[in-house]
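Heads up: the structure comes next, in structure tokens.
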There are 2 protein chains.
Amino acid sequence: MTNNVPTAAILVIGDEILSGRTKDRNIGFIADRMTELGIDLKEVRIVADERAAIIEAVQALSGRYSVVFTTGGIGPTHDDITAETVAEAFGVTAPVDERAAAILQQHYDRTGREMTEARLRMARIPVGAELIENHVSGAPGFSIGNVHVMAGVPSIMQSMLDALTPRLPTSIVLQSETIEAHRGETDVSAMLEDVQSRFLQVQIGSYPYHDGEKYTTRIVARSRDSEMLASAVEALKSGLKAS
Amino acid sequence: MTNNVPTAAILVIGDEILSGRTKDRNIGFIADRMTELGIDLKEVRIVADERAAIIEAVQALSGRYSVVFTTGGIGPTHDDITAETVAEAFGVTAPVDERAAAILQQHYDRTGREMTEARLRMARIPVGAELIENHVSGAPGFSIGNVHVMAGVPSIMQSMLDALTPRLPTSIVLQSETIEAHRGETDVSAMLEDVQSRFLQVQIGSYPYHDGEKYTTRIVARSRDSEMLASAVEALKSGLKAS
């Protein structure tokens, strides 16, 4: 397989997509990213939040493709069953993970909210899994085997996919840097657009979130060219100082 | 099964969706329609235009759910392999169908274009299949077993789904009427919105197409209430006369 193009599948987990209540925006985003990375997206499945359907799809897809991305079902409510169900598909359990609990605790301390039992559900991670950083809302995703489990909310999913990208099986090495804007997304969008237009080989993403006091934004710059990346990051930092 | 809610799956066939080049708009539309009809959409798959992938998905989904909708891959080019591949999944062939060829011939006669070998490809229909009317561009879809094969272009898919709706396994009887507007969609959109706002139990759809001379529009009204439907159709006809 070393010389072959890596393959991928997406598994969208969500009753709300199947009912039409929510229109999926993640498939197109992940598809674009796969194309950028030279990974061949071969299949997408959307299933309900049902144990048997999720396990069957995870096993079928993870056996067939180099990587599998799941979106949805990792929130704090009782119908968010993705973590324990993916664990079950791999024959392990998903107890509360100390690393994930610490990240959540930090996030809630920083945003002045309390850790609750429901929120602690989001720290359940399959044994042996690696965490996927979430710049937007704290609660991490995770990777187990070749399956990468991400949130369903598009801005969070995009942040997780950015964090995950350097670990994906592509021959193209992507580097990334994250900058905290300390202000809302609309206050930096013109500057971002300007910098983006000057650095076409750098992909610049922005992730708005609420830090407990105000809406603020994390900016992520990614490139295969480290010098370009450094120059773009410089430009972003000066842009932030000037604005 | 008589008392159970019917179930459905969607199979999107299209490299262009998997590459991210085209963003799917059909899944959300079909999902909404299923909800309106009381059909439980259980699964969606997106696969490439590849014989083995299509056959496997058609067989898996048609064995498991009451109805399956496919979109994409029924155009005139060599990579449009849905018709013969779905036929193969059902163990039949897909020769040129006389009914479909006549519909295409009529369409090209009316729009002043020539029937070509490529266009005749769109008349290949699995043996034993029922046609699905296409108000937009002539070339029909088809139903074989519980699998309904539709176009990938959203306006055409929507027209086919409307034509198909009365045949779907729901206890709710929908009636529909089609009106030819003889003018472009933007010339009737305000009138349609007005009539729609007065007849909330009638679903009014509009399907723009080029009739060979000009852009024109077919209007389709659907309702479970035949008196309401008749009144709405009257209102649409007066609206067209007045505008």
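The values are calculated or read from the model by the stated rules, or taken from the named source; none is laboratory data. It should be emphasised that the depicted structure is a prediction, and the values quoted were computed from it without experimental measurement. Here the Cβ is made from the backbone with ideal geometry for all residues, glycine too, and neighbour counts use every protein chain on show. With ligands, DNA and RNA removed, areas are computed over all heavy atoms of the protein, side chains included. Shrake-Rupley method; radii C 1.70, N 1.55, O 1.52, S 1.80 Å.
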(request) Mind putting a number on the dipole of segment A:175-242 about its Cα centre? Charges go on the C-beta only, +1 for Lys and Arg and -1 for Asp and Glu, and I need it in Debye to the nearest 20. (result) 40 debye
(message) Just to verify a number: FRET efficiency for A:Q106 and B:D79, C-beta to C-beta distance, R0 = 41 Å, to 0.05?
(response) 0.20
(request) Just tell me how shielded A:12-19 is by partners: mean number of partner chain Cβ atoms within 10 Å of each residue's Cβ, no decimals. (result) 4
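Accessible area of chain A with a 1.4 Å probe: how many percent of it is carbon plus sulfur?
Numbers: 5550 of 11040 Å².
Carbon with sulfur: 50 percent of the solvent-accessible area.
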(request) Putting +1 on Lys and Arg Cβ atoms and -1 on Asp and Glu Cβ atoms, find which of B:G152, B:G72, B:G239 reaches farthest to the positive end of the dipole of chain B. (result) B:G239
(request) Give A:K23/A:K237; A:K214/A:K241; B:K214/B:K241; B:K214/B:K237; A:K42/B:K42 a once-over and call out the pairs whose C-alpha atoms are over 29 Å from each other. (result) A:K23/A:K237
(request) Go ahead and run the numbers for FRET between B:S226 and A:A230, Cβ-Cβ distance against an R0 of 56 Å, rounding to 0.05. (result) 0.20
(request) Please determine, in degrees from 0 to 90 and to the nearest 10, the orientation of helix B:154-164 with respect to the longest principal axis defined by the Cα atoms of chain B, where the helix direction is its Cα long axis. (result) 90 degrees
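For the protein assembly as shown, with every protein chain kept in place, what is the accessible area per residue (1.4 Å probe, Å²)?
45 Å²
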(request) Would you mind pulling out the separation of the Cα centroids of segment A:132-211 and segment B:86-133, in Å? (result) 47 Å
(request) With a 1.4 Å probe on protein heavy atoms only, work out how much accessible surface B and A bury together, total over both chains, in Å² to the nearest 100. (result) 1700 Å²
(request) Extending each Cα 7 Å along its Cβ direction at A:R99 and B:K241, get the distance between those two points in nm, one decimal. (result) 7.4 nm
(message) Given all pairs of different Cα atoms, what value in angstroms does the Kirkwood hydrodynamic radius of chain B take?
(response) 18.8 Å
(message) Is there a quick way to get the dipole size of the protein assembly as shown? I mean about its Cα centre, with the Cβ of Lys and Arg at +1 and of Asp and Glu at -1; what is the value in debye to the nearest 20?
(response) 180 debye
(request) Please get the size of the charge dipole for chain B, origin at its Cα centre, with Cβ charges of +1 on Lys and Arg and -1 on Asp and Glu, quoted in debye to the nearest 20. (result) 240 debye
(request) Work out from phi, with θ = phi - 60° and the Karplus expression 6.51 cos²θ - 1.76 cosθ + 1.60, the ³J(HN,Hα) of each residue of segment B:213-221, listed in order in whole Hz, and give x for Gly and Pro. (result) 10, 8, 7, 9, 9, 9, 10, 10, 10
(request) With a point put 7 Å past each Cα toward its Cβ, work out how far A:V127 is from B:Q175 in nm, to one decimal. (result) 6.4 nm
(request) Measure off 7 Å from each Cα along the Cα-to-Cβ vector at A:D187 and B:T116, then give the distance between these two points in nanometres to one decimal. (result) 5.7 nm
(request) Within 10 Å of each Cβ in peptide B:132-141, how many partner chain Cβ atoms are there on average? Round it to a whole number, please. (result) 0
(message) Per residue of segment B:16-30, what does 6.51 cos²θ - 1.76 cosθ + 1.60 with θ = phi - 60° give for ³J(HN,Hα)? Whole Hz please, x for Gly and Pro, Karplus curve as stated.
(response) 5, 6, 5, 7, x, 4, 10, 8, 5, 10, 7, 4, x, 5, 5
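Looking at chain A, what % of its DSSP beta bridges pair antiparallel, to the nearest 5? The partial results should precede the final answer.
Numbers: 22 of 38 bridges.
Rounded to the nearest five, the antiparallel share is 60 percent.
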